[in-house]
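Values quoted throughout were computed directly from the atomic coordinates according to the rules given, and no laboratory measurement underlies them. All values derive from a computational prediction rather than experimental measurement. Counting neighbours? That spans all protein chains shown, and the Cβs are built from the backbone with ideal geometry, glycine included.
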Amino acid sequence: MTLNIDNASNTRMASSTNMRSSTRIVSDTRLAAYDKNNCPQCGEWLLAPDWSEYRSERCVRHTWSCDACGYAFETDVFFAAAA
């Protein structure tokens with residue numbers, strides 16, 4: 001597979017013998033979870049958990065700590081059952 005980047009149109013083209021696709025790069029793209037990772041104590045944005053623990057096939061536990069206020073907490077993420 002080859003990857004060609006056209007800087008004039010800000011478009012990536014990936015191509016191979018049986019695949020050709022185009023993706024437009026958006027300069028103001030933000031993380032999907034950007035507005036979700038906030039400290040419940042002071043509201044400061046948190047980049048990533050300090051620790052993530054695989055609990056089961058459908059559950060992951062994250063341990064967080066806030067650099068701004070020192071508050072520490074855990075969250076559990078539950079995934080839908082496989083179809």
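Grab the other residues whose beta carbon is less than 12 angstrom from that of D76, score K and R as +1, D and E as -1, and report the net.
Within the 12 Å Cβ shell, the charges total +1.
Work through the residues other than C66 whose Cβ is under 15 Å from its Cβ and net out their charges, Lys, Arg +1 and Asp, Glu -1.
-3
Please give the net charge around L46, taking every other residue with its beta carbon less than 10 angstrom from that of L46, where Lys and Arg add +1 and Asp and Glu add -1.
Result for the local shell: -2.
For W64, W51, which order do you get if you count the other beta carbons within 10 Å of each Cβ and list the fewest first?
In order of increasing Cβ crowding within 10 Å: W51, W64.
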